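> Got a structure for you, written out below as structure tokens; questions coming shortly.
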Amino acid sequence: MKNSVSAAEWVPLRVIWTLKQAHTNKIIAYTQAQTAWSDSTIKTLLRRLEQKGFISSHRDGRKLVYEPVKNEQATMTVAAEDQLSSMCQMHRGQVILQLIKDNEISKQDLLALQAEIAKKLPAAPDQVACDCLKSKGDQHEC
């Protein structure tokens, strides 16, 4: 998908988001601290991210400087929504619950989750319908 980030592209993209802007050598150094990738592999990932519109670059003397174009939170949300939308609608809640159990989350984010759950709870259905088999009027459970 043109506007999606591959697993490999996330690594240098996260470096750029964190640094706000950085020259190629700095991005390579931070990326290589996490991976065993060659300079040319990382430069290829940077070119792809730029072609997809996630980052931009400009020259500063002889150095190429990269900076983010797309917002970090929005990009992560779209990626998560893309993954969830490919899963059974009936089981997404359990996946989200497991993610909450398995990941470190700040108190501030947990309080925000709690507030959002409290708002959604009164109108929540007793059960979410399965959407795996789409046909006219066919109700089924996974």
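The values are calculated or read from the model by the stated rules, or taken from the named source; none is laboratory data. Owing to the predicted nature of the structure, the values given are computational and were not obtained by experimental measurement. Neighbour counts are summed over all protein chains in view; Cβ atoms, including those assigned to glycine, are modelled from backbone coordinates with ideal geometry. Remember, those area values only see protein heavy atoms, side chains included, never the ligands or the DNA or RNA. Shrake-Rupley method; radii C 1.70, N 1.55, O 1.52, S 1.80 Å.
> For the chain, which longest stretch is free of loop sites, where a loop site is one of the GluC sites (Glu not before Pro) that DSSP puts outside H, G, I, E and B and that has at most 16 other Cβ atoms within 10 Å?
Between the exposed loop sites, the longest stretch runs 1-103.
> Now for a separate question. Using a simple charge model, +1 on the beta-carbon of Lys and Arg, -1 on the beta-carbon of Asp and Glu, nothing else, what dipole does segment 92-135 show about its Cα centre, in debye to the nearest 20?
My answer is approximately 100 debye.
> At a Cα cut-off below 23 Å, give the lysines reachable from residue 101, other chains included and same-chain residues fewer than 8 away excluded.
Of all the lysines, those that pass the test against residue 101 - Cα under 23 Å, at least 8 places apart if same chain - are 119, 120.
> Taking a probe of 1.4 Å, how large is the accessible area per residue of segment 25-142, in Å²?
Result: 77 Å² per residue.
> Given 26/52; 43/70; 20/43, which pairs have Cα atoms separated by over 26 Å?
Check vs 26 Å cut-off fails for no pair.
> With a 1.4 Å probe and every protein chain kept in, tell me what percent of the accessible surface of segment 15-142 is carbon plus sulfur.
Using a 1.4 Å probe with all protein chains present, segment 15-142 comes out at 52 percent carbon and sulfur.
> Follow-up question, since we're still on this one. Roughly how big is the chain's charge dipole about its Cα centre, with Cβ charges of +1 (Lys, Arg) and -1 (Asp, Glu), in debye to the nearest 20?
The calculated dipole for the chain is roughly 700 debye.
> State the label only: which of (i) 11, 31, 17, 8, 8, 8, 7, 6, 3, 0; (ii) 10, 29, 26, 21, 12, 3, 0; (iii) 10, 37, 36, 13, 4, 0 corresponds to P(r) over Cα pairs in 10 Å bins from 0, in percent computed from the shown model?
Recomputing P(r) over Cα pairs in 10 Å bins from 0, in percent here gives the entry labelled (ii).
> So for the chain, taking the charge dipole from beta-carbon charges (+1 Lys/Arg, -1 Asp/Glu), which of 99, 115, 13 sits furthest toward the positive end?
The Cα lying farthest towards the positive end belongs to 13.
> Pairing the Cα long axis of helix 39-51 with the longest principal axis of the chain, what angle in degrees results, from 0 to 90 and rounded to the nearest 10?
Value to nearest ten degrees: 60.
> A follow-up question, please. Between the helical axis of 92-102 and the dominant principal axis of the chain, each derived from Cα atoms, what acute angle in degrees is found, rounded to the nearest 10?
Relative to the chain, helix 92-102 is tipped by roughly 60 degrees.
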